[in-house]
Amino acid sequence: MAKQRDHWTSSLGFILAGTGAAVGLGNLWKFPYITWQNGGGSFVLIYLVSILLVGIPVMIAEITLGRSAQLSTVSALEHHARDMRGTRFWSLLGWGGVATGAVVLGYYSIIAGWSISSFVQCIGWSLNGYTPPAEHEFAHFTANGWLQIGLALLFASVTAAIVMRGVSAGIEKASRLLMPILFVTLLLLSFNALTLSGAREAVAFLFTINSIEWHGVLEALGHAFFTLSLGMGAMITYGSYMKKDEPIIKSTLVIAGLDTLIALIACLIMYSILFTYPEVHEAMTSPVGMLFITIPKLFYTQMTGGIILAPVFFILVGFAALTSTISMLEVVVALMVDKLGVKRKLATIASAASIFMLTIACALSHGASAWFTQFNPLRGATQGFWGELNRVIFHNKQGVFNIVDHIASNWCLPIGGALITCFVGWCLDERLLKEQLKIEKPFYFKCLKIVLRYLAPILILIVIYGVNT
Ligand code: PHE
């Protein structure tokens, strides 16, 4: 007899796990930085519209695919496409999604590892007093290959230990524990930040409409995918552990709403600190600088209670990253379990170990090894056909970490998302969709279909074109 599929124990279990997958370094590390770079208000507005018009419909599409088939990414697509032409193509799309998940996990673990080292450093500062880091100290830290590998290994091991325990006893249990801690910590930090004199300016920066460049518009739309973990099968996989009677639309709205709220709160905290101490504005030249260098310094030198808040802040970053790495590993593990019939324990060890090979390459690409740091398959090509190809595909980036991040976030996730949306909009049986989503009013169903068939894919195509050319 086939083994019974493990499920989330309740809607809340799914919502916490889904929010855990969505909320991560994208919210705390990337969003505050790109919002800052793009000048605030208008960028936030376009981001919100992107979440509403593209993010939410794509997430609904993904969860529906998974839940109705009760199978993870590749098997779910094959199941729904079994009587159609082009089954092979949809199956390949599934494999592509899983591969993207693996790649994102490969480099994400590096940054996740930094949250551990920052936490340890903060504990040291809290106990012994703050000593400002020497110039280039962070660069020396990232160039220490063994240390980078060690930190990422620690993070990957915790991720694997949780995934190995399964859906309800591992992933859901961890989310039930970690997510409330994350919410409370964030609220605590934001109350503290709101008492700072720069809080008013931070709010104004976030919500005042100003001018924005075209590239910023595309970046906002692209980030909607990354932050909601779309386009690579995470939500298909998580949806496949949902019981048949749990609401898809309501859960999606809660997950997307919480993800957005947390991203905005993260901005509020960071900007309140930054506007209170304008002398540090020039440090805002990279997301790394902001999260791992500027913020700790401000905690210790300027804020009351900083000696407690600083380590707490990095626990928050670590937990947020952990619930996301869990979801990425689960995408690969679920494929091996559902499609290849491998036992979960073996599947977890095998996939985590293979993905870690990429992590090692990424760990060495921040200065530890010249070859990995300068890696670009088209290196040296600046002119002519190859030069153009280098610009279009790799954006002239260098280093394994930067290259895989660029390819995964700007090519694979949007393309995957567009195709999955098209599949649900055009190919999935309409009755099945109606039955799954329980939309009573024909008008609402029609609107959703228009979004899935035309609006979302077209907007995504525009992003792919714009970001990559
Ligand atoms: N959504 C996660 C974040 O914001 C990142 C992620 C991307 C997770 C893709 C899973 C899949 O950090």
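The values are calculated or read from the model by the stated rules, or taken from the named source; none is laboratory data. These numbers were taken from a predicted model, which means no experiment stands behind them. Methodologically, a virtual Cβ is constructed for each residue, glycine included, from the backbone with ideal geometry; neighbour enumeration extends over all protein chains shown. Ligands, DNA and RNA are stripped out before the accessible areas are found, and what is left, the full protein with its side chains, is counted by its heavy atoms. Shrake-Rupley method; radii C 1.70, N 1.55, O 1.52, S 1.80 Å.
Take every Cα pair under 8 Å in segment 286-383 that's 6+ residues apart, average their separations, divide by the length, and report that relative contact order as a whole percent.
Averaging sequence separation for qualifying contacts and normalising by length gives 11 percent for segment 286-383.
Sequence-distant or interchain residues sharing an amide H contact under 5 Å with TYR277, placed H: which?
Sorted by chain and number, the residues that satisfy this come to none at all.
Each label point is 7 Å from the Cα along the Cα-to-Cβ direction; what then is the distance between the points at ASP245 and ARG453, in nm?
That separation, rounded to one decimal, is 3.3 nm.
Tell me the mean residue ellipticity at 222 nm calculated for the chain from its helices only (DSSP H runs of n ≥ 4, each -39500 (n - 2.57), averaged over every residue, nearest 500).
Calculated from helices alone, the mean residue ellipticity at 222 nm is -21500 deg cm²/dmol.
If you scale each eigenvalue of the Cα gyration tensor by 5 and take the root, what three semi-axes come out for the chain, rounded to whole angstrom and sorted largest first?
Working from the Cα gyration tensor, I get semi-axes of 34, 25, 24 Å.
Scan the chain and hand back the longest stretch that contains none of the GluC sites (Glu not before Pro) lying in DSSP loops with at most 16 other Cβ atoms within 10 Å.
Longest gap between qualifying sites, sites excluded: 214-439.
Just how far, in whole angstrom, is segment 352-371 from segment 160-221 if you go by their alpha carbon centroids?
After rounding, the separation between the Cα centres reads 28 Å.
Gain in length, TRP386 to THR469, computed as 0.36 nm per residue apart minus the alpha-carbon separation, to one decimal in nm?
Net length gain for the segment: 28.4 nm.
Starting at the first residue of segment 424-430, write each ³J(HN,Hα) from the Karplus equation 6.51 cos²θ - 1.76 cosθ + 1.60 with θ = phi - 60°, in whole Hz, x for Gly and Pro.
Once θ is set to phi - 60°, the couplings for segment 424-430 become 5, x, 9, 9, 5, 3, 5 Hz.
Taking 0.36 nm per intervening residue step and subtracting the Cα-Cα distance, what contour gain separates ALA134 from LEU378 on full extension?
Difference between extended and current length: 84.3 nm.
Could you compute the net charge surrounding LYS244? Neighbours are other residues with a C-beta less than 12 Å from the C-beta of LYS244; K and R count +1, D and E count -1.
With Lys, Arg at +1 and Asp, Glu at -1, the neighbours total +1.
For LYS297, which aspartates and glutamates qualify as cross-link partners when the Cα separation must be under 20 Å and same-chain residues fewer than eight apart are set aside?
The reachable aspartates and glutamates, counting only those whose Cα sits under 20 Å from LYS297, are GLU135, GLU137, GLU279, GLU282.
As I understand it, the dipole of segment 134-222 uses +1 on the Cβ of Lys and Arg and -1 on the Cβ of Asp and Glu, about the Cα centre. Which of PHE183, VAL203, SER168 lies farthest toward its positive end?
SER168
Could you derive backbone 3J(HN,Hα) for segment 183-188 from the dihedral phi with the Karplus parameters 6.51, -1.76 and 1.60 (θ = phi - 60°), listing whole Hz in sequence and x where the residue is Gly or Pro?
Listing the rounded values in order: 4, 5, 4, 5, 5, 4 Hz.
With the full set of protein chains in place, find how many percent of the accessible area of the chain is carbon and sulfur; take the probe as 1.4 Å.
67
What order do you get for 227-238, 418-429 when each peptide is scored by the mean count of other beta carbon atoms within 10 Å, highest first?
227-238, 418-429
In debye, nearest 20, what is the charge dipole magnitude of segment 64-148 about its Cα centre with +1 on Lys and Arg Cβ and -1 on Asp and Glu Cβ, if you could check?
My answer is approximately 500 debye.
Would you be so kind as to identify which of THR301, LEU346, THR359 lies farthest towards the positive end of the dipole of segment 258-377, taking Lys and Arg as +1 and Asp and Glu as -1 on Cβ and the Cα centre as origin?
Positive-most Cα among the choices belongs to LEU346.
Treating only the Cβ atoms of Lys and Arg (+1) and Asp and Glu (-1) as charged, compute the dipole magnitude of the chain about its Cα centre; round to the nearest 20 debye.
The dipole magnitude comes to about 1300 debye.
May I ask you to give the solvent-accessible area per residue for segment 282-352, in square angstrom, as obtained with a 1.4 angstrom probe?
35
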